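Here the structure is laid out as structure tokens; the discussion comes afterwards.
Readers should treat all values here as calculations from the given coordinates under stated rules, not as data from a laboratory. All figures in this text were calculated on a predicted structure; none of them were measured in a lab. With ideal geometry, Cβ positions are generated from the backbone for all residues, glycine too; neighbour counts draw on all protein chains shown.
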Amino acid sequence: MPLLVMKFGGTSVADLDRIANAAAKVQREVERGYDVIVIVSAMSGKTNELVGWVEGTSRLYDAREYDAVVASGENVTAGLMALRLQEMGVPARSWQGWQVPINTTAQHSAARFVSIPRANIDAKFAEGMKVAVVAGFQGIGPDGRITTLGRGGSDTTAVAFAAAFGAERCDIYTDVDGVYTTDPRISSKARKLDRIAFEEMLELASLGAKVLQTRSVELAMRYNVRLRVLSSFEDTDETSGTLVCDEDEIMESRVVSGVAYSRDEAKITLVTVEDRPGISAAIFQPLADAGVNVDMIVQNISEKDYEDHPGSVTDMTFSCPVNQVERARKAMENARSAGLIAYDDLAVDTEVAKVSVVGIGMRSHAGVAARMFKALADENINIKVIATSEIKISVLIDRKYMELAVQALHDAFELERA
Ligand code: ADP
Ligand code: ASP
Ligand code: MG
């Protein structure tokens, strides 16, 4: 039997009517002759509520219990989806992570897949089951306890199942009808893309476009999974949505394909640290040990500003998620107390956001950075930090200008035009 994976996100299973709507889409594929593995998220808002309950109970919570609580949202929707399909006459069964079993690493709340043995689900397909409904976002660790994959993780569950079961396609049903040139909730000029290259989607996701979890794109790329994003609220067929595929399957070639943003960033500057070999290691090792996800880094040397300092000094600036600022501050203060580093001041700016332009065409085109900076300058937006890679340019700016910057860049690179 050909097999499809269909994933429904939180808004697509937000209540019983929406679960029924999603189930009807599944039924249609069964009628077309497919066996289906359905991956479900928790009802929208549920995971946030569960996280809130954990944090309201224990400030420095035990990560195993966090996962035990937070994974439960998906258990509810998996059971309800299986029930709804049964009511419609479709033979269906639900599976929690441990029942499959979805084996993961031990890293609670950020676990990765180790293996997904097919035997249990295949045995049920062989008995006539047409749909396996699997709870997304969760697995079981080597210690036999429930793990979760990080926020947005059901996308990754879906791709992993598509790879493990050799699915014809992995369809991600969500509340938008595809991947757009930027978040359609920020820019009304955002344009839906028919296709996007894996590399571009990977950059967009990791730079903040939450339509797909970054890890799901990585997995799809590695295992060559045909990955599609489409609407759960519209009638859809084989040609709907956006296909994430290899670069050479894309006809349209442009320098910039999309604009992404990440709202909750912070900028931290260690003012006047010694400029000597080993200083970066001395700063960033303690941050890594503290679990701080450092993103952009700049080291700016200004002899002039430090005339009163003997020897060479520098400022070291980095960015990290705003909710990790306290952890970063502690790590730096501890490193200073231990005599590993010295600095005059630790300046924190928690009101910044990151805006990025992405496109594989940048590899062969000059002038993208200049065009980006000009567009921001025309809006009087000050750039605080810049980072580039082969196919992206990111800037850190004041958060209050984030939406304006996204729109200005969308205009500057004429992304509304096909
Ligand atoms: P789900 O609950 O189905 O997993 P998410 O909320 O995780 O859905 O992801 C879908 C959302 O991603 C959309 O509602 C949209 O606001 C946002 N988004 C951000 N960037 C993009 C983009 N480039 N294209 C489409 N959607 C985007
Ligand atoms: N429910 C989880 C979350 O909100 C996983 C997912 O929906 O992908 O992060
Ligand atoms: Mg999501």
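For helix 368-378, report the angle its Cα long axis makes with the longest principal axis of the Cα atoms of the chain; keep it between 0 and 90° and round to the nearest 10°. The angle comes out near 70 degrees.
With a simple spin-label model that places each label point 7 Å from the Cα along the Cα-to-Cβ direction, the separation between Arg59 and Ala369 comes to 4.3 nm.
Apply the a/c threshold of 1.5 to the C-alpha gyration tensor of segment 1-145 and tell me whether it is rounded, prolate or oblate. Intermediate values should be presented prior to the final figure.
On the way: a/c = 2.82, a/b = 1.48, b/c = 1.91.
The shape class here is oblate.
Note on segment 1-118: dipole from Cβ charges, positive end direction compared against Ser109, Leu4, Ala63; the farthest Cα belongs to Leu4. Figure legend: label point modelled 7 angstrom from the Cα of Val76 along Cα→Cβ; residues of segment 1-36 with amide N under 16 Å from it are 9-20.
Checking every one of the trypsin sites (Lys or Arg not before Pro) in segment 16-45 against DSSP loop status and a limit of 13 other Cβ atoms within 10 Å picks out Arg32. Largest GNM mean-square fluctuation across Asp62, Asp349, Asp122, computed for the chain with C-alpha springs under 10 Å, falls on Asp62. Using 0.36 nm per residue and subtracting the Cα-Cα separation, the extra length available between Ser115 and Asn334 on full extension is 74.9 nm.
What's the magnitude of the charge dipole for the chain around its Cα centre, counting Lys and Arg as +1 and Asp and Glu as -1 at the beta-carbon? Answer in Debye, nearest 20. All intermediate terms of the calculation are to be shown ahead of the outcome.
Numbers: 45 positive and 60 negative charges, 175 e Å.
Approximately 840 debye in magnitude.
Taking the Cα-to-Cβ direction at Asn293 and at Ala20 and moving 7 Å from each Cα, how far apart do the two end points lie in nm? So the two model labels end up 3.8 nm from each other. Straightening the chain between Asn224 and Ala123 buys 33.8 nm, computed as 0.36 nm per residue apart minus the Cα-Cα spacing.
From helices alone, the chain scores -10000 deg cm²/dmol at 222 nm; the rule is -39500 (n - 2.57) for each run of n ≥ 4 DSSP H residues, then divide by the residue total. For segment 98-189, the gyration tensor built on C-alpha atoms gives an oblate shape. Its axis ratio a/c (a ≥ b ≥ c) is at least 1.5, and a/b is not larger than b/c.
A 25 angstrom limit on the alpha carbon distance is what I want to check against. Which of Lys189/Lys384; Lys210/Lys354; Lys46/Lys354; Lys25/Lys46; Lys7/Lys400; Lys7/Lys130 exceed it? Pairs exceeding the cut-off: Lys189/Lys384; Lys46/Lys354; Lys7/Lys400. Solvent-free Debye calculation, one equal scatterer per alpha-carbon of segment 132-233: log10 I(q)/I(0) at 0.22, 0.24 Å⁻¹ equals -1.23, -1.41.
About the Cα centre of segment 189-332, what is the dipole size in debye to 20, counting +1 per Lys and Arg Cβ and -1 per Asp and Glu Cβ, all else neutral?
Working: 17 positive and 26 negative charges, 88 e Å.
With only Lys, Arg, Asp and Glu charged at Cβ, the dipole is about 420 debye.
With coordinates expressed along the principal axes, the C-alpha atoms belonging to the chain extend over 80, 50, 32 Å, beginning with the largest.
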